[in-house]
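> So that we are looking at the same thing, I have put the structure below in structure tokens.
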Amino acid sequence: MKRLIACAAALAMLAAPGAWAQNFDDPEEFAKQREQLAMTPMGPEGMPWEQYLEDTMADTAQHAKEGPYTVCFSNAGVNNPWRVVGWNNMQAEVELHPEIAELVHVDAEGSDDKQIADISDLLAGGNCDILIVSPNTTAALTPAVERACEQLPVIVFDRGVNTDCPVTFIHPVGGYGFGIQGAEFVAENVEAGANVLMLRILPGVDVLETRYSAGRRIFEEAGINIAGAEFTDGDNAKTKSIVEDYIARGQIDAVWMDAGATAVAAIEAFEDSGLEVPVFVGEDQQDFLQKWQELGLTAIAPTYPTYQWRTPIIAAVRILEGEEVPGPEWVLPQPAITADNLDQYINEGMPPLHYAMCGCEEMPGYPERWGGR
């Protein structure tokens, strides 16, 4: 059975005998994603949510049917700012498709058990023409997705499952790609022997673990000293305290983060200590981008673009109309924000934790739907 690489959130609890567990330090996947980062995407220019990096296509003629369509979506949750931005994207994308009569959304609230029950309820209702799934965790949701595939076409996105039965699995390049982008930037901007502090959010989450393993691999190859790798729990106060502790221990030449929600707190630790902010790896939240611009940092923002939430709706309509789509994987481009393009992603009218790589600026309801003004 072909393994689709999970692009977020398979927890380390999968250690029971016989349970599937992902290798978070896979040299082949590392090399594949590094290569994908350099690929020129295919598809319509300026619309990365419709672009793709691999040119294999899935024949969907067997799924063609008359519209209008009921699209069902089993969502892992809307429990962090990234997912809120994405969910807003998806709802706005639906408004662009008169072929869709209804989007039925069920929120698993971060629970495997609830999501499995949600999918069972959707299948029992018999009203769905197609099912979109963003799995809460990979192994736990695989059987539920396989059961759904027996009844109707399925699209998986964001996070993967351990089966090739969905029509397509939609995701950006992946966690290794994110880790590579940030770590290579650090390696290009510090000397061998420099000290980097690696700030992490949680252990055991696949996309974060692969970001970390990719970063660590590059730092070790470049002869960069990892001063520490600490979990912040995504808490601003804890992040700031950790950075202050490392500043007290000695020189920090770079900060690498596996996700950037607390980037500003880390920067403020250097400011409060009267120190220049070192080379910095954040993410595409507005507060970090604005701080970067304000201080003139040497920085980069790898992204896990929220524009990917548009793609499953586009794919659903194409599949139900019998049009081919990239498959079995639809690999989206995963650009980074750099000093060269920073200005175009800053929008002070958007909330601090709005993700700039949303591809939502021309969508219905922008900016108010996303909390902007």
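The values are calculated or read from the model by the stated rules, or taken from the named source; none is laboratory data. Model, not experiment: these values are computed from the prediction. Glycine also receives a Cβ, built like all others from the backbone with ideal geometry; neighbour counts cover every protein chain displayed.
> Of the conditions (1) more than 27 Å from Thr168 (Cα to Cα); (2) touching a strand residue (DSSP E or B) at 6+ places or on another chain (Cβ under 7 Å); (3) β-branched (Val, Ile, Thr), Thr262 clears all except one; give me its number.
Result: Thr262 passes all but (2).
> Which residues, taken from segment 48-72, are under 18 Å from the mean Cα position of the chain (by Cα) and closer than 21 Å to Ile100 by Cα?
Trp49, Glu50
> Can you give me the number of residues within segment 92-141 that are over 23 Å from Ala64 (Cα atoms) and either surrounded by fewer than 21 Cβ atoms within 10 Å (Cβ to Cβ) or of a type in the set (Asp, Glu) (or both)?
Residues in segment 92-141 being over 23 Å from Ala64 (Cα atoms) and either surrounded by fewer than 21 Cβ atoms within 10 Å (Cβ to Cβ) or of a type in the set (Asp, Glu) (or both): 14 in total.
> Hey, can you tell me all the residues within segment 110-156 that are over 21 Å from Asn79 (Cβ atoms), in contact with a Leu (Cβ under 6 Å, 6 or more places away or on another chain) and part of a helix (DSSP H, G or I)?
Ala148
> Does Gln62 meet the test of being under 29 Å from Pro335 (Cβ atoms), assigned by TED's automatic domain parsing to the domain that holds Ile314 and modelled with pLDDT of 95 or more?
No, not satisfied.
> Still on this structure: What are the pairs, 6+ residues apart or on separate chains, where a residue within segment 321-347 that is over 30 Å from Val167 (Cβ atoms) has its Cβ under 6 Å from a residue that is aromatic (Phe, Trp, Tyr) and crowded, with 16+ Cβ neighbours inside 10 Å?
From segment 321-347, the pairs are Ile337/Tyr345.
> From the list Glu294, Glu230, Glu268, Glu283, which one is acidic (Asp, Glu) and assigned to a loop (DSSP other than H, G, I, E, B)?
Details: Glu294 fails: assigned to a loop (DSSP other than H, G, I, E, B); Glu230 fails: assigned to a loop (DSSP other than H, G, I, E, B); Glu268 fails: assigned to a loop (DSSP other than H, G, I, E, B).
After applying the criteria, what remains is Glu283.
> Let me ask something else. For segment 285-298, name all the residues that are in contact (Cβ under 8 Å) with a residue 60 or more places away in the chain and buried (at least 24 other Cβ atoms within 10 Å of the Cβ).
Gln285, Leu289
> Would you point out which residue out of Phe30, Phe73 is in a strand (DSSP E or B), at pLDDT 95 or above and not β-branched (Val, Ile, Thr)?
On the way: Phe30 fails: in a strand (DSSP E or B).
The conditions single out Phe73.
Conditions (1) under 23 Å from the mean Cα position of the chain (by Cα); (2) farther than 18 Å from Pro278 by Cα; (3) among the hydrophobic types (A, V, I, L, M, F, W, C), marked per residue:
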| site | (1), (2), (3) |
| --- | --- |
| Ile218 | yes, yes, yes |
| Thr239 | yes, no, no |
| Ile242 | no, no, yes |
| Asp245 | no, no, no |
| Arg249 | no, no, no |
| Gly260 | yes, no, no |
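Let's see how each residue does on (1) of a type in the set (Gly, Ala, Ser); (2) in a helix (DSSP H, G or I); (3) more than 18 Å from Asp287 (Cβ to Cβ):
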{"residue": "Phe185", "(1), (2), (3)": "no, yes, yes"}
{"residue": "Leu199", "(1), (2), (3)": "no, no, no"}
{"residue": "Ser213", "(1), (2), (3)": "yes, yes, yes"}
{"residue": "Trp256", "(1), (2), (3)": "no, no, yes"}
{"residue": "Gly260", "(1), (2), (3)": "yes, no, no"}
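> Kindly evaluate Glu209 against the criterion of being farther than 30 Å from Gly322 by Cα, assigned to a helix (DSSP H, G or I) and modelled with pLDDT under 95.
For Glu209, the condition - farther than 30 Å from Gly322 by Cα, assigned to a helix (DSSP H, G or I) and modelled with pLDDT under 95 - is met.
> Continuing with this model, one more query. Given the criterion assigned to a loop (DSSP other than H, G, I, E, B) and either β-branched (Val, Ile, Thr) or under 22 Å from Asp158 (Cβ atoms) (or both), identify the matching residue among Glu54, Glu45, Glu66.
Details: Glu45 fails: either β-branched (Val, Ile, Thr) or under 22 Å from Asp158 (Cβ atoms) (or both); Glu66 fails: either β-branched (Val, Ile, Thr) or under 22 Å from Asp158 (Cβ atoms) (or both).
Answer to the check: Glu54.
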